[in-house]
1. Determine, from the Cβ-Cβ distance of residue 8 and residue 176 and an R0 of 25 Å, the FRET efficiency 1/(1 + (r/R0)^6), rounded to the nearest 0.05.
2. How large are Rg and Dmax for region 116-164 when calculated on the C-alpha trace, in angstrom?
3. Can you give the Kirkwood hydrodynamic radius for region 34-119, in Å, rounded to one decimal and based on Cα pairs?
4. I want to verify a result. In a Gaussian network model of the chain, Cα cutoff 10 Å, which of these has the top mean-square fluctuation: 172, 103, 66?
5. Compactness ratio of region 1-75: Cα Rg over 2.2 N^0.38 Å, N = residue count?
6. Note the full-extension length gain between residue 81 and residue 120 as 0.36 nm times their separation in residues minus their Cα-Cα distance, in nm to one decimal.
7. At q = 0.11 Å⁻¹, what log₁₀ I(q)/I(0) does region 137-242 have when each alpha carbon counts as one equal point scatterer in the Debye sum?
8. Over the Cα atoms of region 84-195, what Rg and Dmax result, in angstrom?
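What follows draws every value from the coordinates through simple rules; no lab data is involved. As the structure is a prediction and not an experimental result, all values here were calculated from the model. No Cβ is skipped: glycine too gets one built from the backbone with ideal geometry, and neighbour counts run over all protein chains shown.
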Amino acid sequence: MKVQVLADKESLGRAAAEFICGQAQEAVEQRGRFSLVLSGGSSPLGAYRLLGSPPFGERMPWAQTHLFWGDERCVPLDHGESNYRAAMEALGPPADLPVENIHPMPAYLDSLEGAFKYQFEIEDFFGRGERPAFDLLLLGLGPDGHTASLFPGSPALSQTEAWVAPAPAPAHLEPHLPRITFTLPLINSARTVLFLTAGEGKADVVHDIMYGTPRSRFYPAARVDPQGELIWLMDAASTGGV
Ligand code: 6PG
């Protein structure tokens, strides 16, 4: 695991955009395309804005990039709580990103049907029977230790077969909406996982995960252990200034 703490949210956005661009160029060179999984939440929005505009936008191989989402709230795609909408607004979207390369979760369906449908879409993308290994998967961290829409105690956490699962609306966190989420097996199949955390209220959970305290085993985020690389980029506020 690699960890980097940036002074503030702005530097976090720049470091993340720089990293994503580098990974994209490498993936396209090696495999001809770049599969990027976006996360919800506010922490990655600065990076998305930078990636959608010059100079980062010009360095991104958008024509070979495929965008997926790691979790979604079950609302129409143009809803104010949609992770898809938030990311697309921040990105622009880039003119040279083909519309068929954008793979939103079908969150306008109910969470079970939407999860099934997205699992099929992922299997089609990687080839049936293949282990889906996204090039780069972005994740956020909630103050309760959740990541994607894997909340502590969620039944989605015990999925060992499915790549995508429905998740009930969290009662303890807003927005109280049912979700669709990547499961741990799919997250852990990624070539690279990048956590982005910004803002206050996460310092305790960050500390527990970084030091592997006994409490950390209750946090879904602590169970992210990909086949490939695991990187945490955090702003100083989210670490409590440590
Ligand atoms: C969501 C997210 C969620 C998010 C974290 C962190 O749909 O809400 O995918 O897992 O990434 O809650 O959110 P912030 O970046 O806003 O702190």
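1. Working from the Cβ atoms, E equals 0.25.
2. 12.7, 36
3. Details: mean 1/r = 0.0757 Å⁻¹.
Radius from the Kirkwood sum: 13.2 Å.
4. Fluctuation is largest for 172.
5. Cα-based Rg divided by the globular estimate yields 1.14.
6. Numbers: separation 39, 0.36 × 39 = 14.04 nm, distance 2.43 nm.
Roughly 11.6 nm would be gained on extension.
7. -0.32
8. Just the Cα atoms of region 84-195 yield Rg and Dmax of 14.3, 41 Å.
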